[in-house]
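Student: First, the structure itself, so that you have it in front of you.
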Amino acid sequence: LALLPEDFIVPEIYYTEDRAKQYEKNSRIQKIQKEMTYRALELIKISPPALILDIGCGTGISMQVLKTEGYEVKGVDIAEPMLMIARAKGLDVLRADFTVEIPFEPGFFDCIISISTLQWIFHGFKPSEIYEKIRRTTKEIKRVLKADGKAIFQFYPKNDKQLDLAGRIFKNEDFKVVKIIDNPNIPKRRKVYLLCRKTI
Ligand SMILES: C[S@@+](CC[C@H](N)C(=O)[O-])C[C@H]1O[C@@H](n2cnc3c(N)ncnc32)[C@H](O)[C@@H]1O
């Protein structure tokens, strides 16, 4: 298996100013991120106007789709160079490490969308460290979501074990979890979504 950035580096170092600019101007990335955002909206089934948090908003590609569709949207990301591009588009973003704290009041958001980000959570040296990071993240997500709020994550788990682990930790935090896998047998087009509904 090829090494991916999340295997050897933390996002706040990986996403330099140059990488952020390359990311933003890559038309293939733009197209795929937009398609996956529309698919996430289709799966989450929340009508506008709703207040959405984009976790790992990057340069704001998904946020632009959400705004166009009539949602109110805020974003958090750890990488300042990515956020600079999002801010230049007039998007409402702030810098935060979602594995530590999502800096909003309890029950603030109707739903959460996160596209191509959650795989970064598996970066770490010890399984206990990774487990703890996912657990803290799910607790923060639960805290900032309204009662009955939903969260959807499109991400790239390296294997079924990572996908199962993420699903299991959300379940432990009393989320109802559904896994959706699009194009399961076409490696390049295989997309994994985790749909999580807060139950208490
Ligand atoms: C591939 S980009 C996704 C960009 C965005 N969803 C879009 O619409 O194009 C992944 C983003 O996740 C962010 N990220 C990774 N780990 C994070 C963390 N712990 N806290 C906040 N942001 C994180 C990275 O900085 C990066 O901008």
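The values are calculated or read from the model by the stated rules, or taken from the named source; none is laboratory data. Just so you know, these numbers come straight off a predicted model, no measurement behind them. Positions of Cβ are backbone-derived with ideal geometry, glycine not excepted, and every protein chain shown enters the neighbour counts. Accessible surface areas use protein heavy atoms only, side chains included; no ligands, DNA or RNA. Shrake-Rupley method; radii C 1.70, N 1.55, O 1.52, S 1.80 Å.
Student: 5 Å is the cut-off here: which amide hydrogens, built 1.01 Å from N in the peptide plane, fall below it relative to Gly107, excluding neighbours closer than 5 in sequence?
Tutor: Val144, Leu145
Student: Using +1 at the C-beta of Lys and Arg and -1 at the C-beta of Asp and Glu, which of Cys111, Ile169, Met63 has the Cα lying farthest in the positive direction of the dipole of the stretch 44-200?
Tutor: So the residue furthest toward the plus end is Ile169.
Student: Kindly provide the helix-only [θ] at 222 nm of the chain, computed as the sum of -39,500 (n - 2.57) over DSSP H runs of four or more divided by all residues, to the nearest 500 deg cm²/dmol?
Tutor: On the way: 8 runs with 83 residues, N = 200.
Value at 222 nm, helices only, nearest 500: -12500 deg cm²/dmol.
Student: Please compute the net charge surrounding Gly56, taking Lys and Arg as +1 and Asp and Glu as -1 over other residues with Cβ under 11 Å from its Cβ. List each step's numbers first, then the result.
Tutor: Values: positive: none; negative: Asp54, Asp77, Asp97.
Around Gly56, the charge tally is -3.
Student: What is the sum of charges around Thr199, taking Lys and Arg as +1, Asp and Glu as -1, for the other residues whose C-beta is under 13 Å from the C-beta of Thr199?
Tutor: On the way: positive: Lys142, Lys146, Lys150, Lys171, Lys176, Arg197, Lys198; negative: Asp148, Glu173, Asp174.
That works out to +4.
Student: Over the stretch 1-94, calculate the relative contact order: mean separation of alpha carbon pairs under 8 Å at least 6 apart, over the residue count, as a percent.
Tutor: Details: 114 pairs, mean separation 27.1, N = 94.
For the stretch 1-94, the relative contact order is 29 percent.
Student: Answer rounded, prolate or oblate for the chain, using the Cα gyration tensor with square roots of eigenvalues a ≥ b ≥ c: rounded when a/c is under 1.5, else prolate when a/b is larger than b/c, else oblate.
Tutor: Working: a/c = 1.23, a/b = 1.03, b/c = 1.18.
Verdict is rounded for the chain.
Student: What is the extension gain from Phe8 to Lys179, computed as 0.36 nm multiplied by their sequence separation minus the C-alpha to C-alpha distance, in nm to one decimal? Spell out each step's value before the answer.
Tutor: Working: separation 171, 0.36 × 171 = 61.56 nm, distance 2.68 nm.
My answer for the length gained is 58.9 nm.
Student: Could you state, as a whole-number percent, how many of the C-alpha pairs of the stretch 82-192 are farther apart than 21 Å? List each step's numbers first, then the result.
Tutor: Numbers: 2488 of 6105 pairs.
In whole percent, the share of Cα-Cα pairs in the stretch 82-192 beyond 21 Å is 41.
Student: If the reach is capped at under 19 angstrom between alpha carbons, list the aspartates and glutamates near Lys188, excluding any in the same chain fewer than eight residues apart.
Tutor: By straight Cα distance, Lys188 reaches Glu6, Glu35, Asp160.
Student: Testing the spin-label approximation: label points 7 Å from Cα along Cα→Cβ at Gln30 and Ala147. State their distance in nm.
Tutor: 4.4
Student: What aspartates and glutamates sit close enough to Lys34 to cross-link, taking a C-alpha to C-alpha distance under 19 Å and skipping anything fewer than 8 places away on the same chain?
Tutor: The qualifying aspartates and glutamates are Glu24, Glu42, Asp54, Glu69, Glu72, Asp77, Asp92, Asp182.
Student: Provide the net charge surrounding Leu43, with neighbours chosen by a C-beta distance below 12 Å and charges set as Lys +1, Arg +1, Asp -1, Glu -1. Please list the in-between numbers first.
Tutor: On the way: positive: Arg39, Lys45, Lys150, Lys179, Lys191, Arg197; negative: Glu42, Asp182.
Computed value for this residue: +4.
Student: When the accessible area of the stretch 1-117 is computed with all protein chains present and a 1.4 Å probe, what percentage of it is carbon and sulfur?
Tutor: Numbers: 3150 of 5840 Å².
Percent of accessible area from carbon and sulfur atoms in the stretch 1-117: 54.
Student: Next question, about the same structure. Could you state the accessible area per residue of the chain in Å², with a 1.4 Å probe and every protein chain left in place? Write out the running numbers ahead of the final one.
Tutor: Details: 10230 Å² over 200 residues.
Value returned for the chain: 51 Å² of accessible area per residue.
Student: Per residue, how much space in cubic angstrom lies within the convex hull of the C-alpha atoms of the stretch 38-143?
Tutor: Numbers: hull volume 10.3 nm³, N = 106.
Hull volume normalised by residue count: 97 Å³.
Student: Highest mean first, what order results for 5-13, 36-44 on Cβ atoms within 10 Å? Spell out each step's value before the answer.
Tutor: Values: 5-13: 14.1, 36-44: 18.6.
Ranked from most to least packed, the peptides come out as 36-44, 5-13.
Student: Divide the volume of the convex hull of the Cα atoms of the stretch 46-86 by its number of residues and quote the answer in cubic angstrom per residue. Write down the numbers at each step before the final one.
Tutor: Values: hull volume 2.1 nm³, N = 41.
Expressed per residue, the convex hull around the Cα atoms of the stretch 46-86 is 52 Å³.
Student: I would also like to ask the following. So how long is each side of the stretch 73-130 along the principal axes, counting just the alpha-carbon atoms, biggest first, in Å?
Tutor: That works out to 39, 29, 17 Å along the principal axes.
Student: Turning to a different aspect of this structure: Out of all DSSP beta bridges in the chain, what portion is antiparallel? Express it as a percent rounded to 5.
Tutor: On the way: 14 of 32 bridges.
For the chain, the DSSP antiparallel bridge percentage is about 45.
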